[in-house]
Amino acid sequence: MKISEPEHGYDIPLEYLERKLTYRELNNKRVWEQLFYEGIFEALGYSQNKDILLRIARAVEPKLLKTLGTDDEFFHNAESLLFHVSGLLPNHPNSKSEDTSSYIRSLHETWNTLVDKYDGKMFEEDDWSFYRMRPQNYPPVRLAGGVRLLNEILNHNLIGNLHRKFVEIHKIETLKICMRSLFITKGAGYWSRHYMFDVEAKPHIKFFYW
């Protein structure tokens with residue numbers, strides 16, 4: 001349960017500190033889902049890619065994501081949507097492995113059914129940083145892991161589960177372990193075998209750790 005990752009500070013923007021929120025806004029579940037979603041995606045990017053992941057979270061809203069199904073259906077649909085929006089998806093499915101070619105083709109086919117639903121900002125591969133980065137922190141695998149956490153937020157009440165742990169558990173060390181466990185998701189599908197498109201993960205990724 002101990003993960004060695006670099007620590008980065010995140011300052012609260014002045015616009016948030018000065019903004020006056022109404023009770024109606026504070027009592028709106030969608031507001032908390034959006035803020036939680038933004039915070040998680042920003043953290044997934046660490047210092048090098050936190051800005052673009054935050055912008056993606058603001059561009060692809062939960063209202064649209066909630067139309068994408070649950071669990072395996074959500075994973076595939078959300079990956080198609082977010083990889084297209086992010087600019088990380090190769091334009092052509094011609095790959096050195098059939099596994100990757102088939103996966104890319106399926107993402108493009110799904111995007112054709114989603115493209116009319118999305119009218120937000122699109123990003124480019126050049127917006128991302130890959131410099132001096134460990135394979136498990138490459139943007140594609142981080143984005144794929146973010147999809148798993150989004151499914152927990154939008155379809156399995158992750159925020160409510162976190163709140164319940166804070167209420168029920170009073171021993172700080174036990175609480176820490178429970179908190180971490182809620183942010184660990186099982187590796188599955190293409191992204192349990194790859195760090196990037198056509199870059200195989202050896203050994204395979206059994207869990208995504210955040």
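Taking 0.36 nm per intervening residue step and subtracting the Cα-Cα distance, what contour gain separates Arg19 from Val199 on full extension? List each step's numbers first, then the result.
Values: separation 180, 0.36 × 180 = 64.80 nm, distance 4.41 nm.
The Arg19-Val199 span can extend by a further 60.4 nm.
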Within the set Gly87, Gly39, Gly160, GNM on the chain using Cα springs under 10 Å gives the largest fluctuation to Gly160
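Listing Lys20, Lys202, Lys50 from the residue with the fewest other Cβ atoms within 10 Å to the one with the most, what is the order?
Fewest-to-most ranking of Lys20, Lys202, Lys50: Lys20, Lys202, Lys50.
Arrange the following residues from fewest to most other Cβ atoms within 10 Å of their Cβ: Ile205, Ile169. Walk me through the numbers on the way to the answer.
Values: Ile205 21, Ile169 15.
Listing Ile205, Ile169 from fewest to most nearby Cβ atoms yields Ile169, Ile205.
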In what order do Asp198, Asp119 fall by count of nearby beta-carbon atoms within 10 Å, going from fewest to most? Asp119, Asp198
Residue with peak Gaussian network fluctuation, the chain [Cα springs, cutoff 10 Å], from His76, His84, His163: His163
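Relative to the present Cα-Cα distance, how much length would full extension add between Arg164 and Lys29 at 0.36 nm per residue of separation? Walk me through the intermediate numbers first.
Values: separation 135, 0.36 × 135 = 48.60 nm, distance 1.58 nm.
Residue separation times 0.36 nm, minus the Cα-Cα distance, leaves 47.0 nm.
With N set to the number of residues, divide the alpha-carbon radius of gyration of the chain by 2.2 N^0.38 Å and report two decimals.
On the way: Rg = 17.6 Å, N = 210, 2.2 N^0.38 = 16.8 Å.
So the Cα radius of gyration is 1.05 times the expected 2.2 N^0.38 Å.
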Which of rounded, prolate, oblate describes segment 56-117, given a ≥ b ≥ c as roots of the alpha-carbon gyration tensor eigenvalues and a/c under 1.5 marking rounded, otherwise prolate only if a/b is larger than b/c? prolate
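Bear in mind that the values in this text are calculations on the coordinates, not laboratory data. No experiment lies behind these values; they were computed from the predicted model shown. In this analysis, Cβ positions are derived from the backbone assuming ideal geometry, glycine residues included, and neighbour counts consider all displayed protein chains.
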